[in-house]
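The values are calculated or read from the model by the stated rules, or taken from the named source; none is laboratory data. Since this is a predicted model, take the numbers as computed values, not measurements. Counting neighbours? That spans all protein chains shown, and the Cβs are built from the backbone with ideal geometry, glycine included.
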């Protein structure tokens with residue numbers, strides 16, 4: 001019975017991660033497929049680029065929320081006595097990763113999705129909220145300094161396991177979280193291969209960030 005519950009919630013985590021908010025919002029409210037414009041990616045960054053700040057913000061928040069939701073489903077395993085509480089972290093990581101994979105390979109859209117950074121952030125917020133917030137701050141600093149969203153995403157992804165490893169206050173009792181953090185960083189790098197090539201060639205698009213009020 002326990003394995004049935006575990007598998008059932010794993011499927012739910014994948015289906016939640018597969019929700020293509022960028023594609024669906026683009027088609028429903030703007031009459032376009034976001035994947036046919038800009039970078040061709042169905043994530044929040046391309047939504048900001050193609051549709052603007054409001055839909056981009058909505059997509060980003062939805063992607064973060066689905067990562068948080070997929071990860072938090074592991075808590076139901078404890079409620080249903082399918083796992084021991086001591087094993088919760090393993091299933092949080094597993095379900096969160098499944099949610100991220102759902103975002104990258106969504107079943108609803110022929111397995112063509114986004115890069116999973118915002119969904120990954122939601123996963124980290126569910127497991128280590130304080131460290132995740134520090135990583136958000138790092139992302140913002142890199143973004144405003146370099147104007148590159150991709151660079152900020154990769155550095156913030158690396159910062160998560162590094163903070164857990166090097167800062168005693170953040171060091172988890174179970175080292176599996178640190179190991180998993182480096183694995184997820186590798187996934188982020190793999191999904192940003194084209195961005196890395198463009199960064200090296202000096203061809204990566206910069207974010208249009210404006211501060212202050214217009215006069």
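Results, tabulated for the structure shown:
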read-out	value
Search result, residues across the stretch 15-45 that are assigned to a helix (DSSP H, G or I), in contact with a helix residue (DSSP H, G or I) (Cβ under 6 Å, 6 or more places away or on another chain) and under 22 Å from residue 206 (Cβ atoms)	22, 34, 44, 45
Residue within the stretch 108-118 that is in contact (Cβ under 8 Å) with a residue 12 or more places away in the chain, assigned by TED's automatic domain parsing to the domain that holds residue 11 and under 12 Å from residue 13 (Cα atoms) present	no
Subset of the stretch 197-209 (residues that are touching a helix residue (DSSP H, G or I) at 6+ places or on another chain (Cβ under 7 Å) and either surrounded by fewer than 15 Cβ atoms within 10 Å (Cβ to Cβ) or in a helix (DSSP H, G or I) (or both))	199, 209
Long-range neighbours under 6 Å by Cβ, at least six apart or interchain, first residue touching a residue at least 12 places away in the same chain (Cβ under 8 Å) within the stretch 63-82, second not in a helix (DSSP H, G or I)	66/19; 77/83
Subset of the stretch 49-66 (residues that are modelled with pLDDT of 85 or more and surrounded by 15 or more Cβ atoms within 10 Å (Cβ to Cβ))	50, 51, 55, 56, 58, 59, 60, 62, 63, 64, 65, 66
Conditions (1) assigned by TED's automatic domain parsing to the domain that holds residue 36; (2) modelled with pLDDT of 90 or more: number failed by residue 135	(1)
All positions within the stretch 136-153 that are in contact with a helix residue (DSSP H, G or I) (Cβ under 6 Å, 6 or more places away or on another chain), surrounded by fewer than 22 Cβ atoms within 10 Å (Cβ to Cβ) and within 27 Å of residue 73 (Cβ to Cβ)	139
Any pair with Cβ under 7 angstrom, 6 or more apart, that starts in the stretch 34-46 at a residue that is more than 21 Å from residue 66 (Cα to Cα) and not assigned by TED's automatic domain parsing to the domain that holds residue 191 and ends at one that is surrounded by fewer than 24 Cβ atoms within 10 Å (Cβ to Cβ) and at pLDDT 85 or above	37/50; 38/46; 38/50; 39/46
